[in-house]
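So the structure is just underneath, and the comments pick up after that.
The values are calculated or read from the model by the stated rules, or taken from the named source; none is laboratory data. What you see is a predicted model; the values in this text were computed from it and never measured. Reconstructed Cβ throughout: ideal geometry from the backbone, glycine too, with neighbour counts over all protein chains shown. Please note that ligands, DNA and RNA were not included when accessible areas were found on the heavy atoms of the full protein model with its side chains. Shrake-Rupley method; radii C 1.70, N 1.55, O 1.52, S 1.80 Å.
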Amino acid sequence: MYGRRVVMSRIGKLPIAIPAGVTVTVSPENLVTVKGPKGELTQQVNPNITVNVEEGVLTVTRPNDEKQNRAMHGLYRALINNMVVGVSEGYKKVLELVGVGYRVEMAAGMQNTLNFALGYTHPIYLQLPKEVKVETKSERNQNPLVILESADKQLIGQVCAKIRSFRKPEPYKGKGVKFQGEVVRRKAGKSAGK
């Protein structure tokens with residue numbers, strides 16, 4: 001038997017346990033809706049992929065081993081799992097502002113808007129989506145923090161990437177916006193000539 005081996009997606013075949021308080025419904029158009037204590041999320045699933053919910057366990061199956069179906073099998077299983085975790089536990093990200101004079105605060109008179117001072121000549125305002133809860137912390141002798149919480153993993157990741165893009169951490173002094181606990185690779189600066 002030297003034929004091609006059929007390899008099942010290791011991620012795709014894993015069942016998803018649905019926690020208490022979370023309901024998953026699949027419409028005839030293959031629209032998966034997940035409701036839980038933290039909110040409600042929906043995901044349109046490709047018609048080739050089948051989503052079954054039985055006795056508190058969700059399984060994702062594919063019709064055959066075509067390359068496209070194999071790719072989507074693991075993808076949709078991961079997306080649905082992220083939704084289940086999001087509506088039950090939620091996602092939390094903490095960003096740290098490293099640099100002299102770097103500040104962040106809620107913009108006065110503007111709903112769900114952050115005001116950043118990141119060493120530019122102008123302040124940067126960022127309007128956040130209503131699905132993302134935000135909190136800022138500024139303590140003496142500590143770097144200012146931005147704490148983001150949301151049920152939607154993709155959305156919170158996108159918001160973090162946007163904030164980080166305002167001033168990415170640089171390798172010489174380590175200044176910039178970074179995730180809490182992120183290690184920035186440092187470089188030695190120019191050494192003085194003899």
May I ask you to evaluate 6.51 cos²θ - 1.76 cosθ + 1.60, the Karplus curve with θ = phi - 60°, for each residue of the stretch 144-152 and list the ³J(HN,Hα) values in order in whole Hz, giving x for glycine and proline?
-> x, 10, 10, 10, 10, 9, 6, 8, 9
Once both axes come from the Cα atoms, what is the angle between helix 67-88 and the longest principal axis of the chain, in degrees from 0 to 90, rounded to 10?
-> 60 degrees
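Give the peptides 134-145, 80-91 in descending order of average Cβ contacts within 10 Å, highest first. It would help to have the intermediate numbers written out before the result.
Numbers: 134-145: 12.3, 80-91: 19.7.
Result, highest mean Cβ count within 10 Å first: 80-91, 134-145.
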Given charges at Cβ of Lys, Arg, Asp, Glu: the chain dipole, positive-most of Gly74, Gly109, Val98 | Val98
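Give me the percent relative contact order of the chain, please, defined on Cα pairs under 8 angstrom at least 6 residues apart. Mind showing how you got there, number by number?
On the way: 346 pairs, mean separation 32.7, N = 194.
Over the chain, the number comes to 17 percent.
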Accessible surface of Ser27 - all protein chains present, 1.4 Å probe, nearest 10 Å² = 30 Å²
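Compute, for the chain, the length of the dipole vector about the Cα centre, with Cβ point charges of +1 (Lys, Arg) and -1 (Asp, Glu) only. Units Debye, rounded to 20. Mind dumping the intermediate values first?
On the way: 30 positive and 16 negative charges, 285 e Å.
In debye, rounded to 20, the chain gives about 1380.
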Report Arg70's accessible area, 1.4 Å probe, all protein chains in place, as a number in Å² to the nearest 10.
-> 80 Å²
Over 22 Å between C-alpha atoms is what I'm after, so list which of Lys67/Lys162; Lys35/Lys178; Lys133/Lys153 land there.
-> Lys67/Lys162; Lys35/Lys178
Could you state the angle between the C-alpha long axis of helix 153-165 and the longest principal axis of the C-alpha atoms of the chain, as a value from 0 to 90 degrees rounded to the nearest 10?
-> 20 degrees
